[in-house]
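Notes follow the structure.
The values are calculated or read from the model by the stated rules, or taken from the named source; none is laboratory data. Source: prediction; values computed, not measured. For neighbour counting, all protein chains shown are included, and Cβ atoms are generated from backbone atoms with ideal geometry for every residue, glycine included.
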Amino acid sequence: MRFSNITKVSEKIKDFYDFYKQYFPIEERDSLSTMKKLATNSTKISAWDYAIIEITDKEKKVGGLIYDWFPEVDTLVIEFIFVAEEYRHHKIAKRLVERLVHKIPTVTIIVETEKDGDAKNFWKRLGFKQQRYTYIQPALHKNKEGFAGLMLMSNKKVKNLKNILENYYWKYCFFDHP
């Protein structure tokens, strides 16, 4: 298994996007143009780091992860993580999350996940706990409403969650809707 950061490689982002959109309903996913803008602009507008990680087995795409890291508040927000159906239950996503924790051991990781289902259970098994915060994901598309089907979980107690969401995550990750 190979984990590759493809954030700055435009043609790879397009291929990644075609694969990623199979796993996320439209109300939960960014458009390709927004994803490219975020990848291009993140370090230009703040100390924020937007990363797209592609998971491959030989040359076959098997999954991916998108995260936003805000070093000022030592917080990393995992927006999306997915593994192709035939590769699930091989601990691929777990290894990827463990690598992030190893890379930045002090970081607080926040994840957006469905309120019920396999994803929530996956995060629980990794020791993540649900945050006591009514979360509505900002609209990802013009003329749409925010999405209330998600909740936030984290690997550590989150201080100032509302501040992190409003002054970091929402401010930079939703700055330019398609």
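Every test in (1) in a helix (DSSP H, G or I); (2) over 20 Å from ILE92 (Cα atoms); (3) at pLDDT 80 or above is passed by THR40 save one, and that test is (3).
The residues in segment 111-134 that are outside any helix (DSSP H, G or I) and without any contact (Cβ under 8 Å) to a residue 24 or more places away in the chain can be counted, and the count is 5.
So if I check each of THR108, THR75, which one is in contact (Cβ under 8 Å) with a residue 60 or more places away in the chain, hydroxyl-bearing (Ser, Thr, Tyr) and more than 24 Å from LYS12 (Cα to Cα)?
Details: THR108 fails: in contact (Cβ under 8 Å) with a residue 60 or more places away in the chain.
Only one candidate qualifies: THR75.
Conditions (1) closer than 27 Å to THR108 by Cβ; (2) hydrophobic (A, V, I, L, M, F, W, C), marked per residue:
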{"residue": "VAL9", "(1), (2)": "no, yes"}
{"residue": "GLN22", "(1), (2)": "no, no"}
{"residue": "GLU27", "(1), (2)": "yes, no"}
{"residue": "ALA39", "(1), (2)": "yes, yes"}
{"residue": "ASP49", "(1), (2)": "yes, no"}
{"residue": "VAL62", "(1), (2)": "no, yes"}
{"residue": "PHE70", "(1), (2)": "yes, yes"}
{"residue": "PHE82", "(1), (2)": "yes, yes"}
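Picking from residues in segment 43-60 that are modelled with pLDDT under 90 and in a loop (DSSP other than H, G, I, E, B), the one that is farthest from ILE92 (Cα to Cα) is SER46.
Being part of a helix (DSSP H, G or I) and in contact with a helix residue (DSSP H, G or I) (Cβ under 7 Å, 6 or more places away or on another chain) is the filter; apply it to segment 1-23 and report the residue that is nearest to ILE52 (Cα to Cα).
Across segment 1-23, the extreme among qualifying residues is ILE13.
Picking from residues in segment 122-163 that are under 15 Å from PHE80 (Cα atoms) and either aliphatic (A, V, I, L, M) or loosely packed, with under 11 Cβ neighbours inside 10 Å (or both), the one that is modelled with the lowest pLDDT is LEU140.
Only one entry in GLU79, GLU72, GLU11 is within 20 Å of LYS171 (Cβ to Cβ), at pLDDT below 90 and surrounded by fewer than 13 Cβ atoms within 10 Å (Cβ to Cβ), namely GLU72. For ALA93, the conditions (1) of a type in the set (Gly, Ala, Ser); (2) within 24 Å of ASN167 (Cβ to Cβ); (3) part of a helix (DSSP H, G or I) all hold with the exception of (2).
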